[in-house]
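Visitor: Sharing a structure, written as structure tokens. Questions coming.
The values are calculated or read from the model by the stated rules, or taken from the named source; none is laboratory data. As the structure is a prediction and not an experimental result, all values here were calculated from the model. Here the Cβ positions follow ideal geometry from the backbone for every residue, glycine too, while neighbour counts run over all protein chains shown. Areas reflect the complete protein model, heavy atoms only, side chains present, ligands, DNA and RNA absent. Shrake-Rupley method; radii C 1.70, N 1.55, O 1.52, S 1.80 Å.
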Amino acid sequence: MSADKAAPTSAPLQGRSVVVGVSGGIAAYKAAHVVRGLVASGAEVRVIPTPSSLAFVGAATWEALSHHRVLTSVFEDVEQVAHVRRGQEADLVVVVPATADLMARARMGRADDLLTATLLMAGDRALLAPAMHTEMWENPATRENVAVLRERGIRVLEPAVGRLTGPDSGPGRLPEPEAILAAVHAQLGAPRTAAQDLAGARIVITAGGTREEIDPVRYLANHSSGKQGWALAHAALARGAEVALIAANVQAQTPPGARRIDVVSAADLAAAVAEARRSCDVLIMAAAVADFTPVERSGAKIKKTEDSDAPVIALRRTEDILHASVEERAEGGGQSPAAIVGFAAETGDSSASSLELAQRKARRKGADLLVFNDVTAGVFGSESNAVQILDAQGELRAEAAGEKITVAHAVLDETRGVLAQKGWVPWDA
Ligand SMILES: Cc1cc2nc3c(=O)[nH]c(=O)nc-3n(C[C@H](O)[C@H](O)[C@H](O)COP(=O)(O)O)c2cc1C
């Protein structure tokens, strides 16, 4: 584990009180994932479902996950005046999902159930994750309600675009639980001085998957979604770092506060990293970079004709960016970046287990840390991850599993440890 024990980063929300409001949408079941993630991060979580949401998910689920009794009405536990207490105590009230109706009532300042009353107490300490059909989301009434809530300082996340309840799709889908958790962390993490153990660190993070063009319409790509890199950026920002995110084909919104550099191919990414690594303290390479690229890109679409065979596309190796970064640092006297962290997705083969292959790779590459995950079970696009963190000798330093944000904090804990070992001092200290 990290040499620096000052920050309780495996439980980054320790001591924080979060109310999770659940309103009556079909996505209510996804709030379970958010509650679990918050509890795993150390937060004290109280769930307040609206009465109609209980038609979707029952109180037993919330009581079991939050380890607290669940109330829905202001007339329960009257001697405790629950809405006043919950609203005053909460560092944040996060509503997952926020229905059109809930937002309309919040905008009007209504207090007709325990959740809306609590929101009224919490003021701008609120974060809403809407979910509804596209027509409801785009209705001028909803647009106006959202605009007014935002003007009051309440954070209303943009819904995701995708498959809705029925066969239709469009904007209105609940943002992914990981994105909601990241937003909660960002909102609660920023003012915490105890967790600012990376304040002053300039961190470059690569994320996503590169695309190698074959012709104007086709490319070679991989399954990387960029979610782990995004989680690293959110976690690093919450810990006070200055973050540059080199994003290879990622659609997600830029984490607030990060500087974003978009790239497409492995060569673009190599050039962006070569530029960025000269002025950073930490380089974390979580992007999935193509190992091979077509020798030639056809300027015109390769045609399929009746009498031609399928084309044979010759490939060549791309630059090993992790290795090049380690080499450049060695040549430059080992100064910058102080910590270089690589990611390796492996599957075992007949000659060796995936861990053995990763250990060999760790020794070959010489990065300070190699974060290894076995992708046989499929991690791409998933909300969770399970990794082993190896050092340059291939020794196991730490293991982490769970939400990608939890894994991100574990990687940063180890990175902080490397910085501490090297006597790194923040440039603005
Ligand atoms: C099956 C079903 C799914 C629903 N899904 C949504 C939804 O995703 N978003 C939404 O705004 N309303 C949805 N509604 C309508 C709300 O449940 C309804 O507006 C209710 O009054 C919301 O109450 P609440 O905001 O107090 O929870 C749905 C209703 C049903 C019956």
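Visitor: Tally the residues that are touching a Ser or Thr at 6+ places or on another chain (Cβ under 7 Å), under 26 Å from residue 110 (Cα atoms) and in contact (Cβ under 8 Å) with a residue 60 or more places away in the chain, restricting the search to region 23-68.
Guide: So the count comes out to 9.
Visitor: Do you know which of the residues in region 370-387 that are open to solvent by 40 Å² or more (accessible area, probe 1.4 Å) and polar (S, T, N, Q) is modelled with the lowest pLDDT?
Guide: Checking each candidate, the answer is 376.
Visitor: What is the one condition in (1) open to solvent by 70 Å² or more (accessible area, probe 1.4 Å); (2) within 9 Å of the ligand (Cβ to nearest atom) that residue 115 does not satisfy?
Guide: (1)
Visitor: Check 315, 283 and return the single one that is closer than 24 Å to residue 224 by Cβ, surrounded by 12 or more Cβ atoms within 10 Å (Cβ to Cβ) and more than 27 Å from the chain's Cα centre (by Cα).
Guide: Within the list 315, 283, the selection yields 315.
Visitor: Here are some residues: 73, 53, 66. Which one is assigned by TED's automatic domain parsing to the domain that holds residue 100, open to solvent by less than 20 Å² (accessible area, probe 1.4 Å), within 16 Å of the ligand (Cβ to nearest atom) and not charged (D, E, K, R)?
Guide: Among 73, 53, 66, only 53 is assigned by TED's automatic domain parsing to the domain that holds residue 100, open to solvent by less than 20 Å² (accessible area, probe 1.4 Å), within 16 Å of the ligand (Cβ to nearest atom) and not charged (D, E, K, R).
Visitor: If I ask for residues that are crowded, with 19+ Cβ neighbours inside 10 Å and of a type in the set (Lys, Arg), which ones from region 144-160 would you list?
Guide: 155, the sole residue that qualifies.
Visitor: Of all residues in region 12-48, count the ones that are open to solvent by 20 Å² or more (accessible area, probe 1.4 Å) and within 15 Å of the ligand (Cβ to nearest atom).
Guide: The total comes to 4.
Here's the yes/no breakdown for (1) surrounded by 22 or more Cβ atoms within 10 Å (Cβ to Cβ); (2) without any contact (Cβ under 8 Å) to a residue 40 or more places away in the chain; (3) out of contact with any Ser or Thr (no Cβ under 8 Å at 6 or more places or on another chain):
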| residue | (1), (2), (3) |
| --- | --- |
| 135 | no, yes, yes |
| 162 | no, yes, no |
| 178 | yes, no, yes |
| 200 | no, no, yes |
| 206 | yes, no, yes |
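Visitor: Among (1) free of Cβ contacts under 8 Å to residues at least 24 places away in the same chain; (2) within 13 Å of the ligand (Cβ to nearest atom), where does residue 150 come up short?
Guide: Against the list (1) free of Cβ contacts under 8 Å to residues at least 24 places away in the same chain; (2) within 13 Å of the ligand (Cβ to nearest atom), residue 150 comes up short only on (2).
Visitor: Okay, moving on. Any residue at all in region 344-355 that is of a type outside the set (A, V, I, L, M, F, W, C), without any contact (Cβ under 8 Å) to a residue 40 or more places away in the chain and touching a Lys or Arg at 6+ places or on another chain (Cβ under 9 Å)?
Guide: Yes, region 344-355 has at least one match.
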